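Enquirer: Here it is, the structure in full.
Only the coordinates and a few stated rules stand behind these numbers; no lab work does. Small disclaimer: the values here were computed from a predicted structure and weren't measured. Cβ: placed from backbone, ideal geometry, glycine included. Neighbour counts: every protein chain shown.
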């Protein structure tokens, strides 16, 4: 018999101390005093620890042998607590009005689609590594705060680390989202996803699902959900808050805004990138501010994005455009000194239809490759230029090299990121037969992959 | 007859107004009043404009037809001017002692090697584009402030945009630097270079030239030297200041620290990256703070880098290690969803000896490519893992995918950037015959390509 994953020894301790899961408690050990909320462990975890969710968002495991006492506490309001986050963009943000104090029956419905990744992983205590295993249901159960935000329908649609996610998975996810939207049951869709390629998937969904009536929010974690210091909990809370309360629809990525455990940034699906291997705040908006910041139940939206494409949440399901096809035969080639120009020849041999060329600076490549580029274009391969700089805009009219590339037929993609450009090319080739339609679509702003203004330029 | 590139109409105006090149002047036009220093134009520029260097560092061209008057002014000391730069790292920096007020004959000697790029480019008034053309001498002449810092020997060794710079050019530049150092004439070496691949070259020189007795500073410009708003002038001044006054040797990159025209950041050659296509402050130190900040004649050095490899300036020329060879047969493959695993087969066909695999997150790639990776390794290709996240560290022991890659023989490179890893692999293969020496060197910290501590982790 277990208490939500807590085992017999714990049950005994809980009974003795008159506490239960979800209580705010003070735990005294030999060395320290911990204050937090008692949360469940998963059933396969060992039974020598209880798990406490601290106020800073971290979970800690406390060895039962070290516990001197557990007492229930009545929490004071933390309304006067000051955040230690530095709101860089404070002056640019306005507040949306929030509906507060909804009762459970009035709570909005969210669909939570689990695809795998760290957010739905657990530590393998045998190897010490992390394995994809948790279900969406286990995830939902392990974060009791979610129950105050929405009625969540969890569903496992994939169990893949995101490095294994392929364009065919994007199609599957897009179709599933579209189905759940068309059911009319949900105020928003949450997609839990591995972080490694989450920005590729968010771009894919931004093209595959247009004129969305409700928000689709991708969310991941940099540390697994059953680990102390996991960021999964706050990321999911932020994603669900945005998905239920934002007045805007579209595809977004919700992740930590800083290493502090208090503010979640919601990024535009086509303008976000994983820029750190391990930090909680690894995801950055590129060439724009984050679309919104979420702190507790407040959503801040910057004022300055009058030129971005967004629509308000609506009921016009019939306007939704679903184009879930992707064509794999696209290469992304990153240029570098000593680059072997024969790579272009090989793309022809592989039967690829487009190349995203990640050039240097404003969009350059060694002139020695010009003949191979010409040959690839003559063989019907579309070549699009992006920059390995990450930030900033392609400009092929400034230098000789750029003008030569334009003359060869290379197509510049302004400030579309390389990752989004790759995904968009796969999507265009999956949905349009005519080359002219592919080129026209690639150079047209569909989902904010081009931005007119770059802040702080 | 010309005045330092200024033509006859100008000469007349200068005589009439009793001003000369180098004077601080107030220029009244129909619309505005400009205060600045009269500086020369190049002889091929049109003769309808004078060029004024404003206090903020920008050069402007003023149409002669619009000028109502020019008056010489006596500048007040600007010692009380406050900088508008935000020193993020202010508390971490200490000041080096400076020798002030050196007379010209006491000035140190610097070697300025020009390789091409925007810093030595001019606008082609016919096409409106930018062409590589200025010589080191013209550059030196156009920035009179340099004469107060050092006696500069300019020399043109290449005239290439940096996207055309190849490993064989790195060898040439390294040998030339070594020769000039061995001449014993110089306190420092400046290399002017296109910005597109300047960070690749700085990494190359960091490996090719070790135990340097004096600093080698690469410098570029995001806007050409003869353009208003060029950043060339301050970048060169900062580079020369550091090269003459730093007590440390090594290979560095000097570029704007912010978009303000007052502080230059000096980055470690192996830890720097061009992160914006067009901004002046495009170059960022990755996973470390900039090695130093230069403002006027002050050099600030952070305190916290006790674990970095640096040596003080010295006279031990015989200790300098010059290994200028590079082997081109290295690929950098950036992984992405839908990546064609046959790319590994093609690297075998191309006869490549090593692959830098730019994986996702902590160093991952789709498991479907494992057999091709095994095949490449079985064919004698060394595969090293870096991350496309840019910031943060590779860790192949955390997830299944990483452990599988380790078992296949993939070698993780911690927080070496992809660009530096590529250059280092080319260098190792160019200088060591034994595979075990290549692997050992690739995983050993030579020039700060690995850092132990990551600030603000």
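Enquirer: With both bridge residues required to lie in the range A:345-457, what share of the DSSP beta bridges run antiparallel, to the nearest 5%?
Expert: Working: 1 of 9 bridges.
Around 10 percent of the beta bridges assigned by DSSP in the range A:345-457 are antiparallel ones.
Enquirer: Mind sorting B:52, A:350 by how few other Cβ atoms lie within 10 Å of their own Cβ, fewest first?
Expert: On the way: B:52 21, A:350 14.
Listed from fewest to most nearby Cβ atoms, that is A:350, B:52.
Enquirer: At R0 = 30 Å, how high is the FRET efficiency between residue B:297 and residue A:295 if r is their beta carbon distance? Nearest 0.05 is fine. Walk me through the numbers before you get to the answer.
Expert: On the way: r = 45 Å, r/R0 = 1.49.
The pair residue B:297/residue A:295 has a calculated efficiency of 0.10.
Enquirer: Sorted from fewest to most neighbouring beta carbons within 10 Å, what does the list A:9, A:68, B:274, B:329 look like? All intermediate terms of the calculation are to be shown ahead of the outcome.
Expert: Values: A:9 14, A:68 9, B:274 29, B:329 17.
Ranked by crowding around the Cβ, least crowded first: A:68, A:9, B:329, B:274.
Enquirer: Placing a label point 7 Å from Cα toward Cβ, how far apart in nm is residue B:229 from its equivalents in the other copies, listed shortest first to one decimal?
Expert: In ascending order, 4.4 nm.
Enquirer: Right, here's the next one. In nm, to one decimal, how far is the residue B:307 label point from the residue A:341 one, both placed 7 Å along Cα→Cβ?
Expert: Inter-label distance under the simple model: 4.4 nm.
Enquirer: Right, another one. Give me the inter-chain shielding for B:347-360: mean count of other chain Cβ atoms within 10 Å, whole number please. Present the calculation step by step, with values, prior to reporting the outcome.
Expert: On the way: counts 3, 0, 2, 4, 1, 1, 0, 0, 0, 2, 0, 1, 3, 13.
Per residue, the average neighbour count from other chains is 2.
Enquirer: Oh, and also: What average count of beta carbons from other chains do you get within 10 Å of the Cβ of residues in B:361-369?
Expert: Working: counts 16, 6, 3, 8, 3, 8, 4, 2, 1.
If you average over the peptide's residues, the count of other-chain Cβ atoms is 6.
Enquirer: Among DSSP bridges having both ends in the range A:281-425, what percentage is antiparallel? Round to the nearest 5.
Expert: Details: 4 of 17 bridges.
Here the share of antiparallel DSSP bridges comes out near 25 percent.
Enquirer: Next up: With the label 7 angstrom out along Cα to Cβ, how close does residue A:72 come to the same site in each of the other copies, in nm, nearest first?
Expert: Nearest first, the other copies' label points are 8.9 nm away.
Enquirer: Sorting A:145, A:368, A:138 on the 10 Å Cβ count, fewest up front, what's the list?
Expert: Details: A:145 16, A:368 11, A:138 20.
Arranged by neighbour count, lowest to highest, A:145, A:368, A:138 become A:368, A:145, A:138.
Enquirer: Averaged over its residues, how many other protein chain Cβ atoms are within 10 Å of peptide A:381-392's Cβ atoms? The partial results should precede the final answer.
Expert: Working: counts 0, 0, 0, 0, 0, 1, 6, 10, 10, 8, 8, 8.
For peptide A:381-392, the averaged partner shielding equals 4.
Enquirer: Would you kindly calculate the translational diffusion coefficient of the range B:233-368, applying Stokes-Einstein with the Kirkwood radius from alpha carbon pairs, for 4 °C and a viscosity of 1.567 mPa s, and quote it in µm² s⁻¹ without decimals?
Expert: Working: Rh = 18.1 Å.
After rounding, the answer is 72 µm²/s.
Enquirer: Continuing with the same structure: Take the range B:317-457, compute every pairwise Cα distance, and split them into 10 Å bins from 0; I just need the percent in each bin.
Expert: Using 10 Å bins, I get a P(r) of 12, 43, 34, 9, 2, 0 for the range B:317-457.
Enquirer: Quickly work out the residue A:8-to-residue A:350 label distance, labels modelled 7 Å from Cα along the C-beta direction, and quote it in nm with one decimal.
Expert: Taking the simple label geometry, residue A:350 and residue A:8 are separated by 5.8 nm.
Enquirer: How far apart are the residue B:409 label points across copies, placing each 7 Å from Cα toward Cβ, in nm, shortest first?
Expert: Relative to the other copies, residue B:409 has label-point distances of 4.0 nm.
Enquirer: A follow-up question, please. Students often check this: by mean Cβ neighbours within 10 Å, which of A:170-177, B:308-315, B:29-36 ranks highest, and how do the rest follow?
Expert: Numbers: A:170-177: 21.5, B:308-315: 14.1, B:29-36: 12.5.
Listed from highest to lowest mean packing, they are A:170-177, B:308-315, B:29-36.
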